[in-house]
Each structure stands twice: as structure tokens, then as C-alpha cells.
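Undergrad: First the structure, which I've put down as C-alpha cells, then a few questions once you've had a look.
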Amino acid sequence: MKKIRFLLIIFTIFFACSTASELKLEKVELQKSSDENKIIEISLVNFPKMKTEIEIELQSIEYFSEDSYRFGSKYSFSEEIIGDKINIEIPNGKFVGSIQVKLSKTIPFYKNYYGIHTIYFGMNEKRIKEKFSNEKCSSEYSFSIKLAKSLKYHNFCDDLDVINKKYKLKFLTNDRTEFNPTRTVALTYAGVSIGLTKSFQHYPYAPFLLLASYFGFFLNDVDISSEIQQESL
């Protein structure tokens, strides 16, 4: 009993230490922003009626020279978006990190819709610091799970500099979904393969039905693009 209590205390201390340096960002009305903080305006254009989530991970950065810098406090925000606009208040400064939007909807035993788009500031997809020389952000897409061909869209920009710039971000969809046969076949194969194991010999269809109800049988991709507007202050 004492050993369990000791482990719980250690876990609590570790968890507190690991999260103490991460500060939570807040959404705010545009006119209620503090003079010491800045607001990033985020709009969702032509989004379908699906679950929409946003995840923001930023870290302050201080430059000493072109190639010398120091990372500071971490900031995060994660929430489901209700409506087509959200304003996030962040401290005045320069940051690296990402702002990601995800769309999802599942109709059990029928269809699943999923889309993801990430804007990276001052870093690449592997979260390694990078200096982007172009003024405009560069867009690209890749496969998050290459064999399953699950699409991910990215936009890469230089540091998020709210000291000198005002940012307005737009995430857009074209209201078009695309059936993904590769992911659908992969899900079907997984369900059938698990069902053929000894564990499910009496209920061979159970894994397939569970996967089909949770993910939907026909898997579809939703394309999300982004536009970044920067105004000098």
C-alpha cells in the first residue's frame, strides 16, 4: 500500500513539473484584447457541418543573431470550434509552432469523413527550427500514413511575429469530399484479419463490425487549404 502511495506521489509531482511551464491560450472577443497581448483572427470558410477541432502549440523565441536563438515559454490551446470564427489571444512576441484544424464525421456502418491542415511557423513538419526566406507561406501536402494514403495538408511560414505583424488566418474547404479506396480496403483487411485469429473464432465478424461502426465503412478525405494574411503594424 505504501509503495502504491509513493508511486502516486511521484507521478503527481512529475505531472505537475511537466505541465507547469506550459501556459494555456484563451479565446477572446476582438474588442476585449489586452494592450499587452495580441489577437490572431481565425476564420473557417465554407466548412461542412462536421466536428471541427483546433490545436495550437506555440513556443516563444528570442534571437541573438541570425543563427542563434533561445526558446522560451510554451503555449497551447485545444478545443472544438463552434461557429465559423475564433480569436485567440497570445502574448506579444515572436513564436514558433503550429496551428492545426481537423474535420471529422462518422456515420456508423456507413461513411467516415476526415480532413486535417496544419500551418507551421518557423519550423518544419518534424518540428525542427527552420528559416523561411520567402515572404509568402509555402503550401504542400503529404500522406500521414503512406500505405493508407491519408492526406495531410501543410502551410509553412516564417516565425509568428505578433510584435510587428497582425495575422488573419483562413481555413477553407471546397465542400468536396473524395472517397479513399486505399484506406477503406486497409480497414476492411484489418477487420477480416483480426476476425480470423483464434481469439475471435466464435465471432469472426465482430472486429469488422466494430471497426465499421467506429470508423464507418467508406472512408473519405476532406480537403482543407489555408490563407495567411499578414499586415505590418
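Undergrad: Give me the pairs: first residue in segment 186-208 and in a helix (DSSP H, G or I), second residue open to solvent by 60 Å² or more (accessible area, probe 1.4 Å) and of a type in the set (Ser, Thr, Tyr), beta-carbon distance under 7 Å, and six or more apart or on different chains, which are they?
TA: The qualifying pairs are Gly195/Tyr205.
Undergrad: To continue, here is another question. Name the residues in segment 213-227 that are out of contact with any Gly (no Cβ under 7 Å at 6 or more places or on another chain) and aliphatic (A, V, I, L, M), would you?
TA: Of everything in segment 213-227, just one residue is out of contact with any Gly (no Cβ under 7 Å at 6 or more places or on another chain) and aliphatic (A, V, I, L, M), namely Leu219.
Undergrad: For the condition part of a strand (DSSP E or B), at pLDDT below 85 and either in contact with a strand residue (DSSP E or B) (Cβ under 6 Å, 6 or more places away or on another chain) or open to solvent by less than 20 Å² (accessible area, probe 1.4 Å) (or both), what is the one hit in Ser142, Ser104?
TA: None of the others qualify; the one that does is Ser142.
Undergrad: What's the number of the condition Ala190 fails, among (1) out of contact with any Phe, Trp or Tyr (no Cβ under 7 Å at 6 or more places or on another chain); (2) surrounded by fewer than 18 Cβ atoms within 10 Å (Cβ to Cβ); (3) modelled with pLDDT of 85 or more?
TA: Result: Ala190 passes all but (3).
Undergrad: Could you check Ile88 against (1) open to solvent by 40 Å² or more (accessible area, probe 1.4 Å); (2) modelled with pLDDT of 80 or more; (3) β-branched (Val, Ile, Thr) and say which number it fails?
TA: Looking at each condition in turn, Ile88 falls short on (1).
Undergrad: Quick one: which residue in Ile194, Ile163 is β-branched (Val, Ile, Thr) and under 30 Å from Val45 (Cα atoms)?
TA: Selected residue: Ile163, the only one of Ile194, Ile163 that is β-branched (Val, Ile, Thr) and under 30 Å from Val45 (Cα atoms).
Undergrad: Which condition number in (1) open to solvent by 70 Å² or more (accessible area, probe 1.4 Å); (2) of a type in the set (Val, Ile, Thr); (3) at pLDDT below 80 is the one that Thr182 fails?
TA: The single condition Thr182 does not satisfy is (1).
Undergrad: Going by the structure shown, is Lys49 closer than 25 Å to Asn124 by Cα, open to solvent by 90 Å² or more (accessible area, probe 1.4 Å) and at pLDDT 90 or above?
TA: Here the answer is no, as Lys49 does not meet what is asked.
Undergrad: Can you name the residue in segment 108-132 that is over 22 Å from Gly216 (Cα atoms) and aromatic (Phe, Trp, Tyr) and is also surrounded by the fewest Cβ atoms within 10 Å (Cβ to Cβ) among such residues?
TA: Phe132
Undergrad: Kindly indicate whether any position in segment 6-22 is modelled with pLDDT of 95 or more and of a type in the set (Ser, Thr, Tyr).
TA: No: segment 6-22 contains no residue that is modelled with pLDDT of 95 or more and of a type in the set (Ser, Thr, Tyr).
Undergrad: If you don't mind, there's one more thing I want to ask. On the basis of being at pLDDT below 80 and assigned to a strand (DSSP E or B), does Arg176 make the cut?
TA: Judged against the criteria, Arg176 is a match.
The values are calculated or read from the model by the stated rules, or taken from the named source; none is laboratory data. Fair warning: this is a prediction, and the values are worked out from it, not measured in the lab. Positions of Cβ are generated from backbone atoms using ideal geometry, with glycine treated the same way; all protein chains shown enter the neighbour counts. Ligands, DNA and RNA are stripped out before the accessible areas are found, and what is left, the full protein with its side chains, is counted by its heavy atoms. Shrake-Rupley method; radii C 1.70, N 1.55, O 1.52, S 1.80 Å.
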